[in-house]
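Just so it is clear, none of the values below were taken in a lab; they were calculated from the coordinates. If you're wondering where the values come from, they're calculated on a predicted model, not measured in any experiment. Positions of Cβ are generated from backbone atoms using ideal geometry, with glycine treated the same way; all protein chains shown enter the neighbour counts.
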């Protein structure tokens, strides 16, 4: 069969195409973006008419995927870990409705926070929602897990979670494809009442979800992704997901023959785990993420035979590596030479010519006259305005928080209260906050730094392109206080005047700072040349 | 056979092109591959690296353990030093000698080169920009670097030629030939 060298994220994409999905729904977010991008560019996906455009946010994506499932078709919905917070509501409740066509939530966690504001572990969500969860250790498993997960989803009539981490998503290996299978027939579930979560029905469905736990645990017990690697001695390891790779790497290099229980499908297969832990005196728990199962296995009385992140055997935070795991297996890691003293870091920076640069220069110039100011930032390239030479923002919390934090701070007496938010982040989660501002007529200046793309993740389509003025008008911002500027050097003085005027306005003001992203512009020029 | 290679540079320098050719050559040679890349925020002019592992047996970890890299292939001299803890005792460094200064506090250039020279037994400096320009194809900078490192990689030149042909094939035979010339610029 066809062999391909693919990123873990791409293996999921190909797995989904081959397993007969009819749609992928997603909002970009590192390290999950490449799944949807791959499907968007795939000729196989195009010829099979798999829908794949970006959604406005993770919640709209998840709900649309659930709708496709209602109609009997298979779908996947992809996001980064913090995106799952945004769609936690439909996610949790889809465990209560159940599914019709197979549905997989692919969520990519970012331990060590390479490109994220936290390192939350989505396996906690899997437990919370009482759903099956797959955590592949290899790219081949990532490919296989999609078909397996869709089948499981249709067998138990529940969504299935597929958890990746940065290292799995962004590492390449060769995978072997299976034969493509057909998409499901259109078969909307109009004859049942399971989708109507009125309390009486929800109670019945929830009881059903509890009943299904036996079946999904049985699937874990029989899973092709869970296995015991035999070994010698009284010390053993339980390794979860990609943690297995690091354990096996250290064992191979150092000729250790440790018994290892590999877990890549949850909920934990109880008998399999129990019979394993009964055999050994000292068990290292290796989890790429929070010590969720270590805590569970230790129990309230803190059974000391388990070691892991909680007792310092492994680092308490951050992603694992062979070097993090080696000391816990009694191996002294070999280290090369130290990094020489002359080394300096290269912090990421805004691109040369980027519109955010001009905007921050203008904004800083205006705000230098206001000692009581604060600028609330948001999630995107413009978060880099926090770094020198601009040092222009005071906060960056979650998608859309710039607007609503500026609002609350203004209500507490802050002036000027300025929000800087990108166009894609604004349509993702900023519009409702702006409506709150309008309804309370609070004195805030909202700067939408509009580069007509989702730049930070590589230039994906932005939901509000060419619609920004109309959106702000529709939300009730006074038309004379929706002001457009072009942040570019020759207009510096003129823009400074405009920003100052709007900051002094005693109401809601929106400044649209519009200039295309340098990266997407360069790409378009290159494409036009061809 | 097992080779652990760290490819290093600065975001935007195109180290993934080197990795892609290396991957394709290794695949053509029938080897197993794992290649961990960096995407996202750090690509914005920050330091980037890829861990590339090739072997005839099973590879478990996507990351190279410390002290296990056979080769650091860097398209920027300062960046070649950043990953020294990963380099084997007898590992090699192949680096461009041209600094990429996108930071104000870039250390003294000569000191950087001297430090690299002392950091491994096998150190190869490549004036890749000059060589690529002389070949009339400045874009082949990365291929010149790969060619200079090829002897430490353990894949045959024929496999590399195949990979270059495969990657650039859609752009015509002329482009393929230019890149093959760039690959051999420092090997012959």
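Table for the structure above
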read-out: For the stretch A:3-221: relative contact order, % (alpha-carbon pairs under 8 angstrom, 6 or more apart); value: 29
read-out: The stretch B:67-188: C-alpha gyration tensor shape, a/c 1.5 cut-off, then a/b vs b/c; value: oblate
read-out: Within 10 Å of each Cβ in A:317-328, the average number of Cβ atoms from other chains; value: 3
read-out: Fewest-first sequence of A:306, B:125, B:168 by Cβ atoms within 10 Å of each Cβ; value: B:125, B:168, A:306
read-out: Sorted by Cβ neighbour density within 10 Å, fewest at the top, the residues B:162, A:54; value: B:162, A:54
read-out: Other protein chain Cβ atoms within 10 Å, averaged over every residue that makes up A:165-171; value: 5
read-out: Top of B:103, B:143, B:155 by mean-square fluctuation, Gaussian network on chain B, Cα under 10 Å; value: B:103
read-out: Rel. contact order, % - alpha carbon contacts under 8 angstrom, at least six apart, chain B; value: 22
read-out: Most mobile of B:66, B:24, B:145 in a GNM of chain B (Cα contacts under 10 Å); value: B:66
read-out: Computed helical MRE - 222 nm, chain B, DSSP H runs ≥ 4 contributing -39500 (n - 2.57), nearest 500; value: -11000 deg cm²/dmol
read-out: Percent RCO, i.e. relative contact order, over the stretch A:400-530, from Cα pairs under 8 Å lying at least 6 residues apart; value: 28
read-out: Prolate/oblate/rounded label for the stretch A:1-159 (Cα gyration tensor, a/c 1.5); value: rounded
read-out: Rounded if a/c under 1.5, otherwise prolate or oblate - the stretch A:294-413, Cα gyration tensor axes; value: oblate
read-out: Peptides ranked, highest mean first, by Cβ atoms within 10 Å: ranges A:458-465, A:522-529; value: A:458-465, A:522-529
read-out: Cβ-Cβ FRET estimate between residue A:343 and residue A:48, R0 fixed at 56 Å, reported to 0.05; value: 0.65
read-out: Förster radius 25 Å - calculated FRET efficiency between residue A:257 and residue B:158 (Cβ-Cβ, nearest 0.05); value: 0.05
read-out: Estimated FRET transfer efficiency when R0 is 22 angstrom, pair residue B:151-residue B:58 (beta carbons, to 0.05); value: 0.25
read-out: Label point distance in nm, residue A:222-residue B:105, each placed 7 Å from Cα along Cα→Cβ; value: 6.0
read-out: CD proxy at 222 nm, helix term only [per DSSP H run n ≥ 4: -39500 (n - 2.57); per residue of chain A; nearest 500]; value: -11500 deg cm²/dmol
read-out: Fewest-first ranking of A:128, B:152, A:186, A:426, using other Cβ atoms within 10 Å as the exposure measure; value: A:186, A:128, B:152, A:426
read-out: Semi-axes of the equivalent ellipsoid for the protein assembly as shown, Cα gyration tensor, largest first, Å; value: 39, 37, 25
